[in-house]
Amino acid sequence: MIGGDLLLKRTGQQRKTSVKTGIRQLIVDHALDGLLIFIPIAAVLNYTHASEFWVFVCSGLAIIPLAGWMGRATEGLSDKFGAGIGGLLNATFGNAAEMIIAFQGLRAGLTEVVKASLTGSILGNILLVLGASILAGGLKHRTLKFNRTAATMSVTMMVLSAIGLLVPALFHWVTAGITREGRLNAENNISLEIAIVLFVTYLLSLIFALRTHKDLYLGQREHHQPPMMSVRSSVVTLVVATGLVAWMSELLVHTVEPASKALGLTDVFIGVIGVAIIGNAAEHSTAVMMAWKNQMDLAYHIAVGSSTQIALFVAPVLVFVSFAIGQPLNLVFTTFEVVTVGLGVGIVTLIAADGESNWMEGVLLLAVYLIFAIAFFFLPS
């Protein structure tokens, strides 16, 4: 009897623990979904012609959970169709929120905000997201280990991204004596051709990661839990979330300039810090949670891989689209943007070199990001 009572007591405790764990996991998985309430709030504020500042804030907050649902739907389709098509789906929709925001910015003629948001996404992922992930994981685990070969390849691709930003800017500097119209045409042409090189390189990197050397990236997938979404649910979710992101992005873009004036901030700061964080917030939280669970390969892939997608996939696609709609977007970034991306890639290269990390390296990455943010804040328009 005593043994039976102990068994029943132990079983009851296990059930309670399982329920608590399930509730905790549910809260973690859907922590951002409470922000969905800002979709109708943003709509009402817009149609009642309320303050454009609050429309900007509410539409930005609404995009955060929508980006997360787009990511879940994409993962559902990826698991169904396999690694090859899954990689293409992730490349296409993994940064869809940023692409939609940037496209709306192009339509509105806010090319400087669009370019600033690209710079901000790259810096935010490799410094803010990776730094926060390493710090969170390092506080729980003394040493965080990841695949050094795969990490080095990702960083090398980021170096290519930095070169892709540097060359158009360098061309702009050395051709100062050419007439403005002639230089602008040359910059547009060189940007288009560099975009093609970056895009092709990204496609080849998918073949490398998903076909010829996929064993290097197994550590990034082995801990990944398949999302509980059917193909039909994934497609419906993706379509609905994409439509809502497009709607909220249109409200966001149209209120960027009034919001920046109300806050006393430049468009570049809003693009580099504000818009970039909004578009990547869902990925940020996922990377931090993975590092906390000591799944550093996956956390590193989310942070650095997202930056690679922005530089080698999103930026070239935006260049192609801009030429198609008759509003060419060149890759001539400001001197400060080029230098900060180069320095950011440099420090991540040092951290990835030994295949392991600790909480102090996370602090260093966050410190660099804060230094850049302060500088962008005081950067004149």
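A Förster radius of 35 Å combined with the Cβ-Cβ distance from residue 370 to residue 236 puts the calculated FRET efficiency at roughly 0.30. At an R0 of 25 angstrom, the distance between the Cβ atoms of residue 159 and residue 293 translates into a FRET efficiency of 0.30. Using R0 = 25 Å, the C-beta based FRET efficiency linking residue 335 and residue 261 works out to 0.50. How much of the accessible area of the stretch 298-381, probe 1.4 Å, is carbon plus sulfur, in whole percent? The C+S portion of the solvent-accessible surface of the stretch 298-381 is 76 percent. Amide H contacts under 5 Å for residue 146: 356, restricted to partners 5 or more places along the chain or on a different chain, H placed in the peptide plane at 1.01 Å from N.
Full extension of the segment from residue 54 to residue 186, taken as 0.36 nm per residue of separation minus the current Cα-Cα distance, would add 43.5 nm.
Under the simplified labelling scheme, the residue 354-residue 107 pair shows an inter-label distance of 5.0 nm, with each label point 7 Å from Cα along Cα→Cβ.
The values are calculated or read from the model by the stated rules, or taken from the named source; none is laboratory data. Remember, it's a predicted structure, so these values are computed and weren't measured experimentally. When we count neighbours, we look across all protein chains shown, and the Cβ atoms used for this are built from the backbone with ideal geometry, even at glycine. Just so you know, the surface numbers come from the protein's heavy atoms only, side chains and all, with ligands and any DNA or RNA stripped out. Shrake-Rupley method; radii C 1.70, N 1.55, O 1.52, S 1.80 Å.
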